[in-house]
Ligand SMILES: NC(=O)c1ccc[n+]([C@@H]2O[C@H](COP(=O)([O-])OP(=O)(O)OC[C@H]3O[C@@H](n4cnc5c(N)ncnc54)[C@H](O)[C@@H]3O)[C@@H](O)[C@H]2O)c1
């Protein structure tokens, strides 16, 4: 990743921070994008403390201008954009469909789907302008391929993320832009813990659903994303790569 510039959205959060640190350790300049400044600045501090390069971009992915200005910052600060990990997301509200409000459904679409679209649109435009290709990884979920009980708006949104990933891979493959999705199973993060707190019966389900017998760690998703962002995955595009402890193998 040496000398490459990578945007990571949701980089103040668990998976995003882990990925940002892994990418910076491999030599990437990282644009740490998040809506929560304090968390993102902490990621920047951690990267710099290890001697890496990082800059914060205030970014609400549901606002198209913020996605655009994050790409602009990557280019003004580091001169290029080679890749992006579009990872910002909202947790499920965890109620069955008949109790789900339209407002909660819309909020999930705005951040989990439109947010990925906004980011990809401006990242791809910059990559096309530079003409040197690139690699984009979107965070979906196992909920992007199978249903997770009582997570209607989240499952619908993550299915859409995989659809967006595939169409972008098809549309821009000829221009050397690869686009893939990573599908985490249950990862030990505050987001997961908040789901369990809202619905305690979920805890046992989440554990038994993973044949590997445990939750994943944020760095295990970061490693998968880093591989997809690197040239080591040069023939992989349009793929939905599960990093789920076997969740979707059952
Ligand atoms: N934790 C899991 O078990 C799990 C499983 C499958 C998929 N995922 C996905 O992984 C991604 C990262 O989740 P996480 O577990 O690290 O959660 P997290 O809450 O730790 O991180 C999410 C980050 O996204 C940021 N964010 C939220 N709304 C935003 C917005 N509008 N604009 C920009 N940033 C915004 C938050 O501030 C936070 O830093 C999400 O897309 C989530 O859906 C998580």
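The values are calculated or read from the model by the stated rules, or taken from the named source; none is laboratory data. As the structure is a computational prediction, the values presented were derived from the model and not from experiment. Virtual Cβ from ideal backbone geometry, glycine too; neighbours counted across all protein chains shown.
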Next item on the list: Give the residues of the range 129-144 that are near the ligand (Cβ under 9 Å from one of its atoms), over 16 Å from residue 189 (Cβ atoms) and assigned to a strand (DSSP E or B), sorted by residue number.
Entry: 138
Notebook entry, point to check: residue 217 fails exactly one of the following numbered conditions: (1) buried (at least 17 other Cβ atoms within 10 Å of the Cβ); (2) modelled with pLDDT of 95 or more. What is the number of that condition?
Noted result: (1)
Note to self: So, in the range 199-250, how many residues would count as being closer than 20 Å to residue 161 by Cα and assigned to a loop (DSSP other than H, G, I, E, B)?
What the structure shows: 5
Note to self: Being touching a helix residue (DSSP H, G or I) at 6+ places or on another chain (Cβ under 8 Å), at pLDDT 95 or above and away from the ligand (no atom under 14 Å from the Cβ) is the filter here; which residues of the range 148-175 pass it?
What the structure shows: 152, 168, 172, 175
Check: What is the one condition in (1) under 24 Å from residue 233 (Cβ atoms); (2) out of contact with any strand residue (DSSP E or B) (no Cβ under 8 Å at 6 or more places or on another chain) that residue 192 does not satisfy?
Finding: (1)
Check: When the residues of the range 41-55 are filtered to those that are farther than 17 Å from residue 225 by Cβ and in contact with a strand residue (DSSP E or B) (Cβ under 7 Å, 6 or more places away or on another chain), which remaining residue is surrounded by the most Cβ atoms within 10 Å (Cβ to Cβ)?
Finding: 44
Margin query: Among the listed residues 101, 70, identify the single one that is at pLDDT 95 or above and surrounded by fewer than 17 Cβ atoms within 10 Å (Cβ to Cβ).
Written below: 101
Check: For residues in the range 56-80 being in a strand (DSSP E or B) and in contact with a strand residue (DSSP E or B) (Cβ under 6 Å, 6 or more places away or on another chain), which is farthest from the ligand (Cβ to nearest atom)?
Finding: 56
Note to self: Looking at the range 81-98, can you tell me whether even one residue there is more than 10 Å from the ligand (Cβ to nearest atom), assigned to a loop (DSSP other than H, G, I, E, B), loosely packed, with under 15 Cβ neighbours inside 10 Å and at negative phi?
What the structure shows: yes
